[in-house]
Amino acid sequence: MADNVARVRVRGRSGGGAAGPGARPVWSRDFGLFFVARAVARLGDTMLPVALAAGLLQHGYGAGAVGLAMAATAGAFAALVVFGGVLADRFSTRKLMIWADVVRLGTQAVTAALFLADRVVLWEICAIGVVNGVASAVFQPGVAGMIPRLASDIQGANGAIRIAESSAQLAGPAVAGVLVGLASAGGVFAAHAATYAVSALCLLLLRLPPPKPGSHAAGRGARAFRADLAEGWREFRARTWLWGVIAVWCLYMIAVFGPTVPLVATEVVREHGPGTYGLVNSALGAGTIVGGLLALRLRPRRMLRAGAIALSGFAGFPATVGLGLDVPAMAAGAAVAGAGMSFWGVMWATSVQTQVQPAVLNRIHAYDVAGSLAMLPVGQALAGPAAAALGADRVLLVAGAMSFVVVVALLAVPAIRGLVRVDAHGRAARACASPSRPPRRS
């Protein structure tokens, strides 16, 4: 896999890439470290649903408890990630990300100890989830700003990172299922903690270009903090394609993704066991690898339109489980879903990173993430009550149908379907022409 990524080079305009004489290749020592950090962290994150579903079910809790535990992390993250974006534009992004990994290393180690000691109380698991969400809110905004600093071909870099994360998603649930079967959910949480240690070490070893003189804004005070927050919001709402996608994504989180994750985990674990859920989720990971590889090769002129069409494939994940199909059919549906979601993710991330000036990129990304995930905890928290009232299978079938509604809504907005790609050289030209302040340290 790494050899394939290593051969990716920055293409000229004719290839749709981020061209330019002397442009850096995607693959380098520092990008390799970031690649490993993201892959290993994703490995742990994809183990978490298996651990929560299996561990909480073993201790007498149901689908509602699994949804609440996931919602605790997602809610804290969505509420605070905007502030994390301002911090990322004011301080060293890398240091913030390292400290966030250290905090999550500690919280997951505590969770492992609770499960291994057979002392599992739902409110404690939710409280730990809140702390994890806060740490993630500090970590995530820096991810978008890091990629343009490490590679000139931004779409190629996003595709490579997507492949790294997808490869981890392929292995993570299967590894978690084996660990649950051989040891316990506590062992999975211990392994999850170790992934944050590896991520922090890789980020520590990164060599990034020094910030420009005067770009460090650490001592500007609370008033400047609020001004930065307001500036990020102005930049965000000035782009119809950006807030239009986020508005539609709120519906997606409530009606599709939010209920799908806990209900699929609970239903598959309950009917077929954690090993089968690991297999199905690994199929999802295999599909996302395919989507990432396609994103490395295809350079559509209207990226969001192509991504939205691909996103319709996600319907296969909840629908096959809701229909009660056999394991191969569920795995196939998950694979198609993963490919569609992955391709959309690369198109979306590249659009944000190339259409937005570096000076406000971390804050824009934070508003993007906050808006994208604002309704995720609502969807997760409502999954249990909806399943109790209607049946989990019906809720999952509705989620599959709503996947198509979301795609239609995205394509109905002219600013979204008509957005034309901007490559790195075009982005640099726009940044030079922009009257906004020089980029700060990110």
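Here are the numbers for the structure shown:
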{"read-out": "Residue within segment 345-360 that is part of a helix (DSSP H, G or I), among the β-branched types (Val, Ile, Thr) and closer than 19 Å to residue 266 by Cβ present", "value": "no"}
{"read-out": "Scan of segment 296-338 for residues that are part of a helix (DSSP H, G or I), more than 19 Å from residue 262 (Cα to Cα), of a type outside the set (A, V, I, L, M, F, W, C) and in contact (Cβ under 8 Å) with a residue 60 or more places away in the chain, ordered by number", "value": "305, 312"}
{"read-out": "Residue 353 vs. criteria in contact with a helix residue (DSSP H, G or I) (Cβ under 6 Å, 6 or more places away or on another chain), in contact (Cβ under 8 Å) with a residue 12 or more places away in the chain and closer than 23 Å to residue 72 by Cα", "value": "no"}
{"read-out": "Considering residues of segment 389-418 that are over 19 Å from residue 260 (Cβ atoms) and not small (Gly, Ala, Ser) only, the residue surrounded by the most Cβ atoms within 10 Å (Cβ to Cβ)", "value": "416"}
{"read-out": "Residue satisfying condition, being within 20 Å of residue 75 (Cα to Cα) and among the polar types (S, T, N, Q), within set 260, 276, 288, 240", "value": "260"}
{"read-out": "Test: residue 129 is surrounded by 19 or more Cβ atoms within 10 Å (Cβ to Cβ) and either within 16 Å of the chain's Cα centre (by Cα) or of a type in the set (Asp, Glu) (or both)", "value": "no"}
{"read-out": "Meets criteria (under 22 Å from residue 82 (Cβ atoms) and in a helix (DSSP H, G or I)) for residue 366", "value": "yes"}
{"read-out": "Given (1) under 18 Å from residue 313 (Cβ atoms); (2) of a type outside the set (Val, Ile, Thr); (3) without any contact (Cβ under 8 Å) to a residue 60 or more places away in the chain, index of the condition residue 227 fails", "value": "(1)"}
{"read-out": "Pairs where the first residue, in segment 404-419, is farther than 12 Å from residue 251 by Cβ and free of Cβ contacts under 8 Å to residues at least 60 places away in the same chain and the second is in a loop (DSSP other than H, G, I, E, B) and small (Gly, Ala, Ser), C-beta under 9 Å, 6+ apart", "value": "none"}
{"read-out": "Failed criterion for residue 112 (all others in (1) without any contact (Cβ under 8 Å) to a residue 40 or more places away in the chain; (2) more than 30 Å from residue 28 (Cα to Cα); (3) surrounded by 21 or more Cβ atoms within 10 Å (Cβ to Cβ) hold)", "value": "(1)"}
{"read-out": "Within segment 78-164, helices (runs of 4 or more DSSP H) holding 3 or more residues that are closer than 24 Å to residue 193 by Cα and in contact with a Phe, Trp or Tyr (Cβ under 6 Å, 6 or more places away or on another chain)", "value": "93-116, 122-139"}
{"read-out": "Test result for residue 180, touching a residue at least 24 places away in the same chain (Cβ under 8 Å), of a type in the set (Val, Ile, Thr) and touching a Leu at 6+ places or on another chain (Cβ under 7 Å)", "value": "no"}
{"read-out": "Test: residue in segment 277-296 that is closer than 18 Å to residue 416 by Cβ, modelled with pLDDT of 90 or more and surrounded by fewer than 23 Cβ atoms within 10 Å (Cβ to Cβ)", "value": "no"}
{"read-out": "Single residue of segment 355-372 satisfying the filter (out of contact with any Cys (no Cβ under 9 Å at 6 or more places or on another chain) and surrounded by fewer than 23 Cβ atoms within 10 Å (Cβ to Cβ)) that is nearest to residue 422 (Cα to Cα)", "value": "355"}
{"read-out": "Matching entry among 430, 441, 421 (being among the charged types (D, E, K, R), outside any helix (DSSP H, G or I) and at pLDDT below 75)", "value": "441"}
{"read-out": "Candidates 243, 233 - the one that is in a helix (DSSP H, G or I), farther than 30 Å from residue 391 by Cα, aromatic (Phe, Trp, Tyr) and in contact with a Gly (Cβ under 8 Å, 6 or more places away or on another chain)", "value": "243"}
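Rundown of residues vs (1) surrounded by 24 or more Cβ atoms within 10 Å (Cβ to Cβ); (2) among the aliphatic types (A, V, I, L, M), yes/no style:
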position: 160; (1), (2): yes, yes
position: 174; (1), (2): no, yes
position: 181; (1), (2): no, no
position: 192; (1), (2): yes, no
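The values are calculated or read from the model by the stated rules, or taken from the named source; none is laboratory data. Not measured: the values here are computed from a predicted model. Note that we place each Cβ from the backbone using ideal geometry, even for glycine, and neighbour counts take in every protein chain shown.
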